[in-house]
Amino acid sequence: MARHSHGMDPMTFVTSVHCMDGRVQEPIITFLRDRYNVSYVDCITEVSPCRILSDESNEKSIKLILNKIAISLHHHHSKLIALSGHHDCAGNQSDRAQQIEQIHKGKHMLNEHYPEVDIICLWVNQDWHIEVV
Ligand SMILES: [Zn+2]
């Protein structure tokens, strides 16, 4: 495989698990591309995935998300998963603090499945700006 001549291996793909809400797509992708200097963001979208991942009774939905994450990690060699929630989510009536709790719980679960991968938690606020939480 050809090596890039400049410094470390570029991390070409990262993985983002975020809501299907059209308002969060661009802010999250732009944030991750800029922060990690990657070419692409694999996007796994659900209606409020942080709510799904934080509730063990959603076994089937969780499995579908995990399968998609596995493809991104194994085929695109992503070394980072971002899990996020956002302001004014139609699929999640919880307030900011409660959603952030769900995100952290989801992160913990993902970490058990993928201990070799970094996982970061993001909040898309009322200005559609990204906060690392
Ligand atoms: Zn949403």
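What number, rounded to the nearest 500 deg cm²/dmol, is the helix-based mean residue ellipticity at 222 nm of the chain, given -39500 (n - 2.57) per DSSP H run of at least four residues and division by all its residues? All intermediate terms of the calculation are to be shown ahead of the outcome.
Values: 4 runs with 53 residues, N = 133.
My calculation for the chain gives -12500 deg cm²/dmol from helical runs alone.
Could you tell me the extents of the chain's C-alpha atoms along the three principal axes, largest first, rounded to whole Å?
48, 33, 21
Per residue, how much accessible area does the chain show when a 1.4 Å probe rolls over the protein heavy atoms, in square angstrom?
Details: 7820 Å² over 133 residues.
Heavy-atom accessible area per residue stands at 59 Å².
Name the lysines eligible as straight-distance cross-link partners of K79: C-alpha to C-alpha under 21 Å, and not fewer than 8 places from it in the same chain.
Correct list for K79: K63, K68, K105, K107.
Once you place label points 7 Å from the Cα toward the Cβ at T30 and E56, how far apart are they in nm?
My value for the distance between the label points is 4.0 nm.
Once you've got the GNM for the chain with C-alpha springs shorter than 10 Å, pick whichever of I81, I100, I71 has the biggest mean-square fluctuation.
For the chain, modelled as a Gaussian network with Cα springs under 10 Å, the answer is I71.
Where the accessible area of the chain is counted over protein heavy atoms with a 1.4 Å probe, how much of it, in %, is carbon and sulfur?
Working: 3970 of 7820 Å².
The C+S portion of the solvent-accessible surface of the chain is 51 percent.
How far apart, in nm, are the 7 Å Cα→Cβ label points at A70 and R23?
Distance between the two pseudo-spin positions: 3.5 nm.
Stokes-Einstein diffusion coefficient for the stretch 67-133 at 20 °C in a medium of 1.002 mPa s, Rh from the Kirkwood formula over Cα pairs: what value in µm²/s?
Values: Rh = 12.7 Å.
It comes out at roughly 168 µm²/s.
Using the basic label-point model (7 angstrom from Cα toward the beta carbon), what is the V47 to E116 distance in nanometres?
3.6 nm
The values are calculated or read from the model by the stated rules, or taken from the named source; none is laboratory data. For clarity, every value in this text was computed on a predicted model and none was experimentally measured. Using ideal geometry, Cβ is built from the backbone for each residue, glycine included, and neighbour counts are taken over all protein chains shown. Ligands, DNA and RNA are stripped out before the accessible areas are found, and what is left, the full protein with its side chains, is counted by its heavy atoms. Shrake-Rupley method; radii C 1.70, N 1.55, O 1.52, S 1.80 Å.
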